[in-house]
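Notes follow once the structure below has been shown.
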Amino acid sequence: MRNLKKSRRGGFTLIEVLIVVVILGILAATVLPQFTASTANAKESALRADLAQLRSQIQLYRFQHDGVFPSGTADNVVKQLTLASDVAGNTAAAGTAGFPYGPYLMGQLPTNPYNGGSGILVKATAISSTDVDAAAVQGTVKVGWIYSTLTGQIIANVTGTAADNTALSAL
């Protein structure tokens, strides 16, 4: 009879592999939600920063234009904030003689981090919560902001709540 030796290959058993897979699954289940929360916090911070910038620049425009907020159509408001202007609110390219104010924002309005919109819905009345429509589009541009020429108030055109349970449109 032949002498049979048990030969064993060097490697991992099925049980060892399963234990490693289970451990990796547990680690993934605990780490991934932390990344999701970080993304939500980053969006909220970006939204707050964008709103602060927009609000401060609208107030600066008002100060330099004898108490008048940017006004007119959405296109007009964007031009008044992104181009140079005179005291009457007429606009021209930056550096044009006779247009000493602005630009208040460089290039365009910031993009809303929640809905990706950079367009602005302009209202001649005060803004209400029913004005928020996160899917709103003006032409081909998604509406990211809602602005009142009456009060100078600007809000994000987005639904949902912030980390402190405040409505995102009320930030």
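The values are calculated or read from the model by the stated rules, or taken from the named source; none is laboratory data. Everything numeric in this text was worked out from a predicted model, so none of it was measured. So basically every Cβ, Gly included, is an ideal-geometry build from the backbone, and we count neighbours across all protein chains shown. Just the protein is used for accessible areas: all its heavy atoms, side chains included, with ligands, DNA and RNA removed. Shrake-Rupley method; radii C 1.70, N 1.55, O 1.52, S 1.80 Å.
Some notes on this structure:
- The chain, accessible surface, carbon-and-sulfur percent (1.4 angstrom probe): 60
- 5 angstrom amide H check on LYS123, placed H, neighbours 5+ away: TYR147, SER148, THR149
- Cα→Cβ-extended label distance, 7 Å offset, between SER71 and ALA167, nm: 2.7
- Full-extension gain in nm, THR159 to GLN138, via 0.36 nm per residue minus C-alpha separation: 5.7 nm
- Considering segment 53-118, its Cα convex hull presents a mean projected area of 4.4 nm².
- Considering only Cα atoms, the convex hull volume of segment 93-171 works out to 127 Å³ per residue.
- Its convex hull of Cα atoms gives segment 8-82 a direction-averaged projected area, equal to a quarter of the hull surface, of 9.3 nm².
- If you take the Cα centroid of segment 131-149 and the Cα centroid of segment 56-111, the two points sit 20 Å apart.
- Average accessible area per residue (Å²) across segment 34-94 - probe 1.4 Å, nucleic acids and ligands excluded: 53
- With each label modelled as a point 7 angstrom along the Cα→C-beta vector, the GLU16-ASP86 pair spans 8.4 nm.
- Legend: Rg and Dmax of the chain, from Cα coordinates, 27.5, 110 Å.
- Each residue of segment 95-100 was assigned a 3J(HN,Hα) from its phi angle through the Karplus curve 6.51 cos²θ - 1.76 cosθ + 1.60 (θ = phi - 60°); the sequence is x, 6, 4, x, 10, x Hz, with glycine and proline shown as x.
- The long axis of helix 14-64 is offset from the longest Cα principal axis of the chain by roughly 10 degrees.
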